[in-house]
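Read the figures in this text as sums done on the coordinates, not as results from a lab. The structure presented is a predicted model; accordingly, all values stated were derived computationally and were not measured. Note that each Cβ is placed from the backbone with ideal geometry, even for glycine, and that neighbours are counted across all protein chains shown.
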Amino acid sequence: MRRPYVRADPNPQWKLRTVQSGPLARSGIFRRGRLSGPPSYLASRNFPHPPHVNLADSLDPSPAATSIRHLALGFFDGLHLGHQRVILGGKIPHPPASTAVLTFRDHPLSVLHPEKHPALITGLPHKIRVLERWGIGLTIALPFDASRSQQEPGDFLQELASAFPFLKTVSVGPNWRFGKNRSGDVELLARWCADRKILLDNPDPVLHAGSRISSSRIRDAIQTGNLDEASAMLGRPFTILGRVESGEGRGQGLGFPTANLATQDECLPPDGVYAGQAILPDGHPRPAAINVGTCPTFGGKKRKVEAHLPNFSEPLLGQEIDLEFHRFLRPEKKFSDAGSLAEQIRRDVAELLRR
């Protein structure tokens, strides 16, 4: 009988030591101790101040690793409900502060089969942000390159033994594979764990509408515009993370200034206008009318994401914000003139604020 799943509720009051190592930690991909605030599905929790983050990009032994008792292995694109079961505990609950997540900076397909490399649901900065909010004690994002792809499974397991001397639990998803030619499997990992008296947590898949939740399934739902389905499988609203960059000022000229996002090439829904909200750098949510598309009224060609935040005028340039997509309002279209576009945006904003 399949064990019913209840998502663990990470304790945001835990205060974590900050240990940073390697070039990734110095690259500016994340900012030490910064947290953009709880997303809507954790908004009822009290975050007195941002927790610090432990981040590394190698399996070299470190002081942070000595406090780790639970290790979750996987790429975890999307950090969906199935991933949450692996990371936070399926059959064996994992306290977030003593849990490490070992992932890769890049999708393995980007090296093994670049032509099959999918758009990511959560790029690395976004993934770090979500794990930060869950209170995970240590995130290790290894570079995935040709050398790593040729590593024998036994050598990888030896790295784990050296890096994490006090492990109690290792958790992986169903059908997890590792090492050269995917030759390492759960059975090999189970023997390795048994030899070291480590518990292996290999939880059952999480189902939605009778089928296993997967990153591919969520990606398909996003790209076809089925955002309710995507959000249900993610366990939170579909969100993109991006840094606000300079635009061409057309929204300002129309009376509707927009925040233009550099989105790390994350998976996007179909072109159109969406009702949602922006999570600001201070953690506060603001209603947002989000446009995905090329701005055809002005002859645009490049696909981009921009958001208008009604009744908000504070500068956001250069800052990271989250955009949550709540519902589809209308397709993107080409208007005959700027005035017609401005009138439609007024109607979009009214519809956004109506609900």
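Treating only the Cβ atoms of Lys and Arg (+1) and Asp and Glu (-1) as charged, compute the dipole magnitude of segment 171-277 about its Cα centre; round to the nearest 20 debye. Kindly include the intermediate steps, with their values, before the conclusion.
Details: 12 positive and 13 negative charges, 91 e Å.
Roughly 440 debye for segment 171-277.
Whole angstrom only: what separates the Cα centroid of segment 156-194 from the Cα centroid of segment 101-120?
Value for the Cα centre distance between the two parts: 20 Å.
Determine the relative contact order of the chain: mean sequence separation of Cα pairs under 8 Å and six or more apart, normalised by residue count, in whole percent.
Contact order relative to length: 16 percent.
Could you check the spin-label model distance between residue 211 and residue 175? Points 7 Å from the Cα along Cα→Cβ, value in nm.
1.3
Please name whichever of 281, 311, 297 sits farthest to the positive end of the charge dipole of segment 270-334, dipole taken about the Cα centre and charges placed at Cβ: Lys and Arg +1, Asp and Glu -1.
297
Which residues in segment 267-307 place their backbone N less than 17 Å from a point set 7 Å from the Cα of residue 252 along the Cα-to-Cβ direction?
Those under the cut-off are 306-307.
If you average the alpha carbon positions of segment 324-355 and of segment 198-256, how far apart do those two centres end up, in angstrom?
Going from one Cα centre to the other spans 22 Å.
Find the relative contact order for segment 217-260 and round it to a whole percent, using C-alpha pairs within less than 8 Å whose residues are 6+ positions apart.
On the way: 26 pairs, mean separation 10.3, N = 44.
That works out to 23 percent.
Report the calculated FRET efficiency for residue 228 and residue 166 (r = Cβ-Cβ distance, R0 = 41 Å), to the nearest 0.05. It would help to have the intermediate numbers written out before the result.
Details: r = 43 Å, r/R0 = 1.04.
The computed FRET efficiency comes out at 0.45.
Which value, in debye to the nearest 20, gives the size of the charge dipole of segment 79-131 about its Cα centre, when Lys and Arg are +1 and Asp and Glu are -1 at the Cβ? Please report the intermediate quantities before stating the final value.
Values: 6 positive and 2 negative charges, 35 e Å.
The calculation lands at about 160 debye.
Which net charge results for the neighbourhood of residue 329, defined as the other residues with beta-carbon distances under 13 angstrom from its beta-carbon, given Lys and Arg at +1 and Asp and Glu at -1? Numbers along the way, then the final one.
Numbers: positive: 327, 330, 333, 346, 347, 354, 355; negative: 271, 332, 348, 351.
With Lys, Arg at +1 and Asp, Glu at -1, the net is +3.
How much net charge surrounds residue 298 when only other residues with a Cβ under 15 Å from its Cβ are counted (Lys, Arg +1; Asp, Glu -1)? Write down the numbers at each step before the final one.
Working: positive: 250, 301, 302, 303, 304, 333, 334; negative: 248, 271, 306, 332, 337.
Here the charged neighbours net out to +2.
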